[in-house]
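The values are calculated or read from the model by the stated rules, or taken from the named source; none is laboratory data. If you're wondering where the values come from, they're calculated on a predicted model, not measured in any experiment. Here the Cβ positions follow ideal geometry from the backbone for every residue, glycine too, while neighbour counts run over all protein chains shown. These accessible areas exclude ligands, DNA and RNA; they are computed on the full protein's heavy atoms, side chains included. Shrake-Rupley method; radii C 1.70, N 1.55, O 1.52, S 1.80 Å.
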Amino acid sequence: MVAGIYDIMSHILEQYLSGTDDNTSDYIAEGLMRSLIVSSRKALVNAEDYEARSNIMWTATWALNTLIDRGKATDWMVHMLGQAVAAFTDATHGHTLAAVSGAYYRLLISKSPDAVQKFKRLAMNVWLVCPEGKTDEQVAMEGLETMEQWMRELGLAMNITDCGAKPEQIEGMADACPICQGGYYILNRDEVVQVLKDSLISNT
């Protein structure tokens, strides 16, 4: 269940984390993420909570039925990284996505001013981070850290070591990882390797 919940979140983020315009699709995506967070916590307490589970499924439908990718370049690099990890392990899809997200998102924030602004918006509108007295980068990072607290709350894998990955597999994973073009920053192979290496260590 929790792996599926994070896959839904990742689907939304792959579309949300692209573009620089004021796009209605982003407002819809933010609402979907907020709903998912609320329902995930209810389902974690009671996996048979019908309302929570039905809302999670409803959000899953909107997360990949092409509605929120209207006008978006979309990223999908987290999925490429996660699937490369899955090719070398027996880990569940949602857990491999969770395990690589932190390292990839930190790279985006460090490389792209546009990514900083979008992660700042995400922090404020979804994770309810207060921006007062903070730099844009600080707000962006606080939002990412708040998301990771939620991920740990769900019990997701926070590094690829927990998914069964070994350091000697990194080069093969990098070879298996397509590089997407639609996000805020286009990785080269060395950066794919670095993200995977950084994902060996838990973000705590």
(request) Express the carbon and sulfur contribution to the solvent-accessible surface of the chain as a percent, rounded to the nearest whole number, probe 1.4 angstrom. (result) 52
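Test of understanding: what is the full-extension gain from residue 87 to residue 128, defined as 0.36 nm times their sequence separation minus their Cα-Cα distance?
Once the chain is fully extended between residue 87 and residue 128, it gains 11.2 nm.
Ordered by packing density, taken as the mean number of other Cβ atoms within 10 Å over each peptide's residues, highest first, how do 57-63, 76-82 rank? Before the final figure, lay out the partial values.
Working: 57-63: 17.0, 76-82: 24.3.
Listed from highest to lowest mean packing, they are 76-82, 57-63.
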(message) What distance in nm lies between label points placed 7 Å from Cα along the C-beta direction at residue 49 and residue 161?
(response) 3.3
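Express in nm, to one decimal, how much length is gained between residue 64 and residue 181 on full extension, taking 0.36 nm for each residue of separation and deducting their alpha carbon distance.
That pair, residue 64 and residue 181, stretches by 40.2 nm at full extension.
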(message) Just to confirm, what accessible area per residue do you get for segment 101-195 at 1.4 Å probe, in whole Å²?
(response) 45
(message) Could you check the spin-label model distance between residue 190 and residue 110? Points 7 Å from the Cα along Cα→Cβ, value in nm.
(response) 1.3
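Going by average Cβ density within 10 Å per residue, which order do the peptides 170-181, 27-38 take, highest to lowest? Write out the running numbers ahead of the final one.
Working: 170-181: 16.8, 27-38: 18.3.
Ranked from most to least packed, the peptides come out as 27-38, 170-181.
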(request) Considering the options 159, 187, 86, tell which one lies farthest towards the positive end of the dipole of segment 48-203, charges being +1 on Lys and Arg and -1 on Asp and Glu at the Cβ, about the Cα centre. (result) 187
(message) Let me cross-check residue 130: its accessible surface, 1.4 Å probe, with only protein heavy atoms counted, in Å² to the nearest 10?
(response) 70
(request) Evaluate E = 1/(1 + (r/R0)^6) for residue 136 and residue 41, where r is the Cβ-Cβ distance and R0 equals 35 Å; express this FRET efficiency to the nearest 0.05. (result) 0.80
(message) If DNA, RNA and ligands are ignored and the probe is 1.4 Å, what is the ranking of 72, 111, 120 by accessible area, most exposed first?
(response) 111, 120, 72
